[in-house]
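To start, the structure itself, in C-alpha cells.
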Amino acid sequence: MKKFSDAITVAAFFAILLMFAVSTLFFQDKIPVSELLKKNADVGQTISEYVTDSFPMNKNWRSIYTNIMVFAGRSRFDDIYIAGDRLVKLDNHQKENSMIENVAYINELAANTECPIYMMLAPTAAGVYNADIPDMFNDKSQRERINDAYLQLDRRIASIDAFYPLYSARDEYVYYRTENLWTGFGAYYAYYESTKKLGLQAVTLDNYDQEFAESGFFGSLYDSAMVSGIKPDRINIFRSKYQSPVTEVDMYDGDSTKQAESVYFRSALKGSKRTDIFLQGDKHIKTDIYTDLDNESELLIIKGSFANTIVPFYTAHYSRITMVDPMKLKEADLTLSDVVSLDDYDRILVLFDIESFSNLKCFDTLK
Amino acid sequence: MIGLSFLYFFLPAFAAVYLLSPKPFKSRFVLVTSAGMICWADPMGLIVMAVCILSGYLFGVFIFNFREKPVSKLLLALEIFINIAVLLLFHRTAYDGADLLTVLGQRSLLRKAATVGAAVMPLHSIGYCVDVYRKKYRCEQRFIKIAEYIAFFPVFAAGPILRYDYFSPQFDEHKTNVSSIASGIRLIMLGMFMKLFISNTMLELWDDVRGIQVSSLPALSAWIGIAAFAFFVYFEVSAFSNIGCGIAAIMGFRLPRSFREPYRSHSFSDFCRKFNCTLYRWCKDYIYRSIIRRGSHGIYKFLAILMSVLAACLWYGTSMRSVCFALAMVIMLCAEKLLEVPLKKLPKPIRILLFVVLLLTILPFMALSDPFEALKYIKAMYGGNQIAADITSEYLISTYFLFVALGILISGGVFGYFFKKKIFNNEYLKTIIQPVWVIALLIFCTSFLVSVGSSLFRYLL
C-alpha cells in the first residue's frame, strides 16, 4: 500500500512539474530570454525573472498567494498596504534627503525667472488615510513633510495647500482604491483650493457633466498585490456643460510631435493603464494645450503624475497650458530651457505628489 | 536551491538524467551538476570547489602514505590552513552578505552571498583528512569518490555536514527506489514550505520591528521581534537542510537529520546538540576533542568550548555579530556548567522556559551588527524604554500571530509528536493523504514562488 502511495506521489509530482515547465517554455508569449539578457547581464537572475513572468496562470498563482496571506492575517505586501477597502502605497522614507535637494532646485528655478511661481505638493492616499495605516509605516506624516518642504521654499514661491481639502473630503471618492493617484474629484478639490492662490475664479462642479469613462478597472496597486475583495475603480471625467475650450493638444516626445483635439484619450481605456486617459499619463516630455480663450494668460506646469488629472480643470482659465515632465527630460538628456522659454509664461506651477517629489532625482533638469 | 527555475526545471531534469544514467556515470554527473550550480551562482566559487577537492584528495593520500612519520602532522596542518583560508575568504553571511574581506574593508571575492558551498566543502575536506590522519579509515584512492563527497551539491546551502565514513557505503551503492524518491519529494516540499511560508514571514516581521527606533521600542514588540529572528534562523537553515536531504533522497542517499527541535532544549549544551547536529558533531570531533586531548585542565576545556562555539557561529557567516554571539553563548555555557546542580533540580518545563528566555536575550548579538545596538535592544526587551506595548505591538500580533503560532508548533515538535505516536496510522488514509498533501504543498509553494520571486534573492543562503 505504501509503495502504491509513493508511486502516485512521484508520478503526480513530476507530471505537474513537467506540465508547467513545458507550458512555460513553449506556450507563453513573452519576450525571449536573449532579449532580456541584453538588458540584464546577470544570467541567473534574468532566467529566474523570465520563468516567473512566463509561468502559466501567473495572476492566479499570485492571487492564491495573496489570499492565503490575507487569510493568515497579513495586510502588507511589500510597499502596498490594505487600508480598509483600499490599497495604499506606503511612503518610502529612505530617500527623504533628496527632498531638500529638490526644493533647492525649485528655488534656483524661481531665482532665474521673473514669472510668479507656485508650488503644490499633493498628499498621496497614504497621507490622507494615515489613520488606517500602522504608525510603524508612517513615522513622519505627509502633512509634516509637505510643510517642511514649503518652509524651505524661497519667499517668491507661493505654496498651495492641497492636503487640507483632500483630507476634509477623505470620505468621498478622492483617491482610487487600486491606483496610486487621485481621482477627478480629488483633483477638483485641489484645483478649487489652488484657484484662490492663482487668483482665478474656480469653475463650480455644477458647470460640469460627469461622465463615467470606465467603471470597473483595477489599477497598478491591485496588479502588484492581487488582493481580492477590493472593489474596482471608476474613472470620472468632468466635461464642461458648455463647449470645451480646448482646441489643440501638442505632445512632444523629443523627436516627434503628436497632435490631438482633446485632453482625454479614450484609447488608453483599452490599454493596461486606464488612468492614461488624462493627457496620456506620463508619456511625453512636453504637452502644450491650446484653448480658445483670448485672455492670453499662459501657464507652465512642471509636472508629476498627479498633474494629468487636474489640468483639464485649468483649461477653463488659460489660453495655453504647457506641461513639462522633468523625469522625461532626464531620460532624454534635456533641460527645461531646451523645451520652453520661461519668459513666455505668466505663471509657473510646480505640481507633484509629496512621495514622488521626495524621491525623484530629476530636478537638476530645471536649470 | 529555491525558485521556480529550480523546482520546475532543474529538479525534474536532474532527477531524470540521474536516475536514467548508468551507475558509473552518476558520480560524474553529480560532480558536473555541482560545478554547474556553483557556476550559476558565481563562477568564482569554482576556485573553492577545486581547492577543496584537490587538497582533500592529495593531502588525504599524502597523510596516509606518511602516516607513521611526523611530516603527516605538517601535511594535516597545511590542509587545515588551506581550507580554513578558503572558508574565511569565500564564505559570505547569507543574512547580510558580509564576509571576512568586507569586515576588513575589502571587496568580496564573490559577487553575491549565493550557494557556492564555501561553508560545506572545506569542512568535508578537513574532516576527511583528519580522520585519515587519526587512522579511522584508509585514504580513498578513487578521485571521483572524494570529489563527489566534498562537492556534494545537495548540502551546499545549509548542510548537513557529511562524514566520509557515513557517506562512503552509500556512494558505492548509488541505489534509489520509488519510496526514496517519494520521501525526497516530501522533504523538498516541507523545506520549501518552511522557507516560503515561515522563514520569509519571520524575516519580514523582524524587519518590521527593526524599522522601529530601538530607543522607542516597546518591550512586547522587542520580544516579538527577537522571537521572529530566532524562528527565521531556525526555519531558514532547516528548510535548506531539508531541501538538500530531499534531493539526496531522490538520488538514493539517506542523509542525517540536522535539527531535532532545538527550541525545546532544556539547556544551552542541549541546544548545541540539537541545532544543526551535524555541524555540532563536526566541531566536537575536530575542534573540541583535538583541544581536550592536549590536557584535561579546566583552561583546555574552556578553550575547547570557546573555539568550538566560535567556529560553529562563524560557520553561519564571518562577521562581528557571529563573534559577539559566540562569546555570549560561551558565557552562558560556562554559567550553566557552574550552576549545573541547582539547574538540574528545576522541573523540565521551567528549564526549557529559562533556556528560551536566555537564548532570546543573547540573540540580539547575532541579529544586530552593532553590539552596542544589541545591548540597547536587550534593554528594550526588559522594559528599559518604559513602554510595555503600544499599537504597533498589537499590529504585529494581529498580523503575524498565525505564522508565529505555526513556528512554535513546528519547532516545538508537535507535528513530529503526532507522527511518532502514529496518530495517522491508518494505511488506507495514509495512501490517500500522502500524495494529496504533497500536491497541496506544491500548489502552495508555487503560488509563493510566483509571487515573491524577486524578493527571494534578498537573502541568499
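Residues that are more than 27 Å from the chain's Cα centre (by Cα) and at pLDDT 85 or above: which helices (runs of 4 or more DSSP H) entirely in the stretch B:287-393 hold 1 or more of them?
Answer list for the stretch B:287-393: B:348-362, B:371-381.
Is it the case that some residue within the stretch B:326-343 is among the acidic types (Asp, Glu) and within 30 Å of B:Thr102 (Cβ to Cβ)?
Kept after step one, since they are among the acidic types (Asp, Glu), are these residues of the stretch B:326-343: B:336, B:340.
In the following step, the residues that additionally are within 30 Å of B:Thr102 (Cβ to Cβ) were identified as none.
No, there is no match, as no residue in the stretch B:326-343 is among the acidic types (Asp, Glu) and within 30 Å of B:Thr102 (Cβ to Cβ).
It is to be established whether one or more residues within the stretch A:161-177 are closer than 29 Å to B:Val209 by Cα and under 17 Å from the mean Cα position of the chain (by Cα).
yes
When the residues of the stretch A:57-67 are narrowed to those that are more than 7 Å from chain B (Cβ to nearest Cβ) and without any contact (Cβ under 8 Å) to a residue 12 or more places away in the chain, which ends up nearest to A:Phe218 (Cα to Cα)?
Result: A:Asn60.
Residues that are in contact with an Asp or Glu (Cβ under 7 Å, 6 or more places away or on another chain), at least 2 per element: which strands (runs of 3 or more DSSP E) completely within the stretch A:164-274 meet that?
Of the strands (runs of 3 or more DSSP E) lying wholly inside the stretch A:164-274, those with at least 2 residues that are in contact with an Asp or Glu (Cβ under 7 Å, 6 or more places away or on another chain) span A:233-240, A:246-252, A:257-260.
I need the helices (runs of 4 or more DSSP H) fully contained in the stretch B:177-268, keeping only those with at least 2 residues that are farther than 21 Å from B:Ser369 by Cβ and touching a Cys at 6+ places or on another chain (Cβ under 8 Å).
B:178-193
Could you grab me the full set of residues in the stretch A:142-163 that are of a type in the set (Lys, Arg) and either in a loop (DSSP other than H, G, I, E, B) or touching a residue at least 60 places away in the same chain (Cβ under 8 Å) (or both)?
A:Arg145, A:Arg155, A:Arg156
So if I check each of B:Ala15, B:Ala50, which one is more than 14 Å from B:Phe153 (Cβ to Cβ) and more than 21 Å from the chain's Cα centre (by Cα)? Before you say what the answer is, go through the steps one by one.
Working: B:Ala15 fails: more than 14 Å from B:Phe153 (Cβ to Cβ).
Of B:Ala15, B:Ala50, the one residue that is more than 14 Å from B:Phe153 (Cβ to Cβ) and more than 21 Å from the chain's Cα centre (by Cα) is B:Ala50.
Can you confirm whether A:Ser224 is at pLDDT below 85, among the hydroxyl-bearing types (Ser, Thr, Tyr) and either touching a helix residue (DSSP H, G or I) at 6+ places or on another chain (Cβ under 6 Å) or closer than 18 Å to A:Tyr175 by Cα (or both)?
When the stated conditions are applied, A:Ser224 passes them.
Looking at the stretch A:329-351, is at least one residue within 28 Å of A:Glu144 (Cα to Cα), hydrophobic (A, V, I, L, M, F, W, C), in contact with a helix residue (DSSP H, G or I) (Cβ under 7 Å, 6 or more places away or on another chain) and in a helix (DSSP H, G or I)?
No - not one qualifying residue is present in the stretch A:329-351.
State which residue is surrounded by the most Cβ atoms within 10 Å (Cβ to Cβ) when the search covers only the stretch A:60-84 and only residues that are basic (Lys, Arg) and under 21 Å from B:Asp207 (Cα atoms). Walk me through it before giving the result.
Filtering the stretch A:60-84 for residues basic (Lys, Arg) gives A:62, A:74, A:76.
Within this subset, residues satisfying the condition of being under 21 Å from B:Asp207 (Cα atoms) are A:74, A:76.
On the way: A:Arg74: 18, A:Arg76: 21.
That would be A:Arg76.
Going by what's in this entry, would B:Leu396 be described as assigned to a helix (DSSP H, G or I) and under 21 Å from the mean Cα position of the chain (by Cα)?
Answer is no for this residue.
Scanning for something within 14 Å of chain A (Cβ to nearest Cβ), under 23 Å from A:Ile47 (Cα atoms) and either among the acidic types (Asp, Glu) or in contact (Cβ under 8 Å) with a residue 12 or more places away in the chain (or both), does the stretch B:44-59 turn up at least one residue?
yes
When you look at B:Ile144, is it out of contact with any Cys (no Cβ under 7 Å at 6 or more places or on another chain), away from every other protein chain (no Cβ under 13 Å) and surrounded by fewer than 24 Cβ atoms within 10 Å (Cβ to Cβ), yes or no?
On the way: out of contact with any Cys (no Cβ under 7 Å at 6 or more places or on another chain): yes; away from every other protein chain (no Cβ under 13 Å): yes; surrounded by fewer than 24 Cβ atoms within 10 Å (Cβ to Cβ): yes.
For B:Ile144, the condition - out of contact with any Cys (no Cβ under 7 Å at 6 or more places or on another chain), away from every other protein chain (no Cβ under 13 Å) and surrounded by fewer than 24 Cβ atoms within 10 Å (Cβ to Cβ) - is met.
Of everything in the stretch A:275-291, what is among the polar types (S, T, N, Q), out of contact with any Asp or Glu (no Cβ under 8 Å at 6 or more places or on another chain) and closer than 21 Å to A:Asn180 by Cβ? Give them in sequence order.
Answer for the stretch A:275-291, where residues must be among the polar types (S, T, N, Q), out of contact with any Asp or Glu (no Cβ under 8 Å at 6 or more places or on another chain) and closer than 21 Å to A:Asn180 by Cβ: just A:Gln280.
Looking only at the stretch A:93-114, decide whether some residue is within 13 Å of chain B (Cβ to nearest Cβ) and either farther than 26 Å from A:Lys231 by Cβ or not in a loop (DSSP other than H, G, I, E, B) (or both).
yes
Return the only residue of B:Val132, B:Val116, B:Val178 being of a type in the set (A, V, I, L, M), touching a helix residue (DSSP H, G or I) at 6+ places or on another chain (Cβ under 7 Å), surrounded by fewer than 22 Cβ atoms within 10 Å (Cβ to Cβ) and at pLDDT below 90.
After applying the criteria, what remains is B:Val178.
For the stretch A:130-152, enumerate the residues that are away from chain B (no Cβ under 14 Å), surrounded by 19 or more Cβ atoms within 10 Å (Cβ to Cβ) and either hydrophobic (A, V, I, L, M, F, W, C) or over 18 Å from A:Gly304 (Cα atoms) (or both).
Answer for the stretch A:130-152, where residues must be away from chain B (no Cβ under 14 Å), surrounded by 19 or more Cβ atoms within 10 Å (Cβ to Cβ) and either hydrophobic (A, V, I, L, M, F, W, C) or over 18 Å from A:Gly304 (Cα atoms) (or both): A:Ile146, A:Ala149.
Within the bounds of the stretch A:95-104, is there any residue that is modelled with pLDDT of 85 or more and crowded, with 18+ Cβ neighbours inside 10 Å?
Yes, that holds for at least one residue.
One line per residue, one yes/no per condition, for (1) β-branched (Val, Ile, Thr); (2) more than 14 Å from chain A (Cβ to nearest Cβ); (3) touching a residue at least 60 places away in the same chain (Cβ under 8 Å):
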site: B:Gln386; (1), (2), (3): no, yes, no
site: B:Ile391; (1), (2), (3): yes, no, no
site: B:Phe401; (1), (2), (3): no, no, no
site: B:Gly412; (1), (2), (3): no, yes, yes
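Being within 12 Å of chain A (Cβ to nearest Cβ) and under 19 Å from A:Ile47 (Cβ atoms) is the requirement here; does B:Leu11 meet it?
Spelling it out, B:Leu11 is indeed within 12 Å of chain A (Cβ to nearest Cβ) and under 19 Å from A:Ile47 (Cβ atoms).
Quick check: anything in the stretch B:42-59 in contact with a Ser or Thr (Cβ under 8 Å, 6 or more places away or on another chain) and modelled with pLDDT under 85?
no
Is there a residue in the stretch A:286-294 that is among the aliphatic types (A, V, I, L, M) and modelled with pLDDT under 85?
Looking through the stretch A:286-294, at least one residue is among the aliphatic types (A, V, I, L, M) and modelled with pLDDT under 85.
Has the stretch B:339-359 got at least one residue that is under 30 Å from B:Leu88 (Cα atoms), outside the structural domain of B:Lys135 (by TED's automatic domain parsing) and out of contact with any His (no Cβ under 9 Å at 6 or more places or on another chain)?
Yes, the stretch B:339-359 contains a residue that is under 30 Å from B:Leu88 (Cα atoms), outside the structural domain of B:Lys135 (by TED's automatic domain parsing) and out of contact with any His (no Cβ under 9 Å at 6 or more places or on another chain).
Since A:His284 meets every condition but one in (1) part of a loop (DSSP other than H, G, I, E, B); (2) in contact with a strand residue (DSSP E or B) (Cβ under 6 Å, 6 or more places away or on another chain); (3) more than 27 Å from A:Gly219 (Cβ to Cβ), which condition does it not meet?
(3)
Counting only residues that are part of a strand (DSSP E or B) and at the interface with chain B (Cβ under 9 Å from one of its Cβ atoms), which one in the stretch A:68-86 is nearest to B:Gly3 (Cα to Cα)?
A:Phe77
Return the residue satisfying two criteria in turn: it lies in the stretch B:162-176 and is assigned to a loop (DSSP other than H, G, I, E, B) and of a type outside the set (Ser, Thr, Tyr), and of such residues it is nearest to B:Ser241 (Cα to Cα).
Taking the candidates together, the pick is B:Leu162.
When residues of the stretch A:315-328 are filtered for being assigned to a helix (DSSP H, G or I) and either surrounded by fewer than 22 Cβ atoms within 10 Å (Cβ to Cβ) or more than 23 Å from the chain's Cα centre (by Cα) (or both), how many remain?
Number satisfying all stated conditions: 2.
The values are calculated or read from the model by the stated rules, or taken from the named source; none is laboratory data. The structure displayed is predicted, hence computed values, not measured ones. We place every Cβ from the backbone using ideal geometry, glycine too, and count neighbours over all the protein chains shown.
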